[in-house]
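A short reminder: the numbers here are calculations on the coordinates, not readings from a lab. Quick caveat, the model's predicted, so the values are computed rather than measured. Using ideal geometry, Cβ is built from the backbone for each residue, glycine included, and neighbour counts are taken over all protein chains shown.
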Amino acid sequence: MEQRPVILSGIQPSGRLTIGHYTGALRNWVSLQQSHECYFMIADLHAITVRQDPAELRQRTLETAALFLACGIDPQQSVLFVQSHVPEHTQLSWVLACLTGMGECSRMTQFKEKSAQHRHNVNVGLFAYPILMAADILLYQADLVPVGADQKQHLELTRNLAERFNHYYGTTFRVPEPYIPPLGAKIMSLQEPRKKMSKSDPNENAVLFLTDSPEAIRRKIRRAVTDSGREVRYDEQNRPGLSNLMVLYHIATGKSIADIEQEFAGAGYAELKAALTEALIEFLRPIREEFERLQRDSGYLLSLLAHGAERARARAQQTLRLVYDRMGFLPQAPYVEGVRIAMEDSSHADL
Ligand code: TRP
């Protein structure tokens with residue numbers, strides 16, 4: 001069989017997925033599925049670096065799986081799995097931690113930001129987060145890692161760790177390349193359009209979730225912040241609110257920005273908002289409907305994830321075995337019944 005390049009990527013189940021996840025991740029994952037061997041992971045181990053409610057984490061993990069499928073991830077083609085189902089992630093993470101300098105982790109922009117945000121809980125896991133991410137990637141010998149620009153620094157660390165390991169212990173890991181999605185993939189907050197739309201934003205009106213009902217979409221677009229001015233002209237610098245709505249309209253309809261300007265020439269923001277609302281409702285409808293259908297069948301989702309974990313683990317185990325061997329860990333011989341172990345020899349034999 002021909003070898004396709006390997007892709008690994010993941011999303012944390014730390015909130016409901018937004019339209020930003022669709023444009024920045026899921027949409028690209030779906031189009032990479034046929035030409036690549038893909039591993040798509042729900043990064044629950046990463047999520048606990050900030051406090052999670054257990055019941056909610058469990059529910060979000062299953063929801064995230066349902067949304068991956070509803071957006072077009074095909075479990076026949078790709079391996080869909082939950083990070084904590086594959087223990088090799090934490091195992092490799094320890095090995096890599098022993099090769100990482102404290103300074104390398106403390107320099108990470110995301111660590112600095114998150115430790116400022118969660119001042120009362122700056123835990124060691126938050127610090128070591130990029131090492132676990134490196135383990136995720138290197139375990140699968142990934143060639144390409146689709147990530148948002150905010151994860152580029154973590155990928156740089158991953159590459160350094162792979163090269164360091166290969167240098168000390170002999171070539172073991174493939175050194176992965178980042179795959180940064182094309183521009184226009186970044187969706188901004190509907191309330192503060194200079195900030196990225198975030199699933200954990202406390203203001204619900206700032207975020208379009210993939211599962212939003214038509215009523216929620218209507219309300220959020222109605223309340224979306226626009227800028228002063230009247231014409232529908234794309235200008236990210238000076239009119240970030242309007243420009244963000246235009247990008248959303250582009251996503252929902254496939255029309256180019258130039259065509260959108262044409263369409264609303266002579267009209268104003270209100271017309272754009274009205275058309276955008278209807279376009280978004282229709283665009284998100286099939287995703288939401290498929291999501292709701294899958295949600296009613298958690299047995300199916302669970303067995304799919306079990307199968308995914310098995311396939312993921314088969315690959316992860318190969319890498320970890322090689323790593324342990326290269327590091328000089330004593331191989332574990334199979335235990336054979338009836339063979340005497342030297343230690344418990346003669347002296348105690350007659351007890
Ligand atoms: N850190 C990533 C994020 O928050 C999620 C993630 C975890 C990931 N492990 C990964 C992404 C491995 C790509 C590859 O967006």
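Can you tell me the orientation of helix 269-295 relative to the chain, as the angle in degrees between its alpha-carbon axis and the longest Cα principal axis, to the nearest 10?
So the helix axis and the longest Cα principal axis differ by about 30 degrees.
Quick check: convex hull over the Cα atoms of region 1-130, volume per residue in Å³, rounded to an integer? List each step's numbers first, then the result.
Values: hull volume 17.6 nm³, N = 130.
Normalising the Cα hull of region 1-130 by residue number yields 135 Å³.
Could you please state, rounded to a whole Å, how far the C-alpha centre of region 60-91 is from the C-alpha centre of region 283-339?
9 Å
Find, to one decimal place in angstroms, the Kirkwood hydrodynamic radius of region 204-294, where the mean of 1/r is taken over every pair of different Cα atoms and then inverted.
Numbers: mean 1/r = 0.0739 Å⁻¹.
Computed over region 204-294, the radius equals 13.5 Å.
Per DSSP H run of at least 4 residues, take -39500 (n - 2.57); add these up for the chain, divide by its residues and hand me the 222 nm value, nearest 500 deg cm²/dmol.
Numbers: 13 runs with 173 residues, N = 351.
Computed mean residue ellipticity for the chain: -15500 deg cm²/dmol.
Quick one: what Rg and Dmax do you get for the chain from the alpha carbons, in Å?
Values for the chain (Cα only, Rg and Dmax): 23.8, 100 Å.
Report the label-to-label distance for R51 and E278 in nanometres (one decimal), using points 7 Å from each Cα along the Cα→Cβ vector.
Distance between the two pseudo-spin positions: 4.7 nm.
Can you tell which of V247, S200, P178 lies farthest toward the positive end of the dipole of region 156-257, using +1 and -1 charges on the Cβ of basic and acidic side chains (Lys, Arg; Asp, Glu)?
Selected residue: V247.
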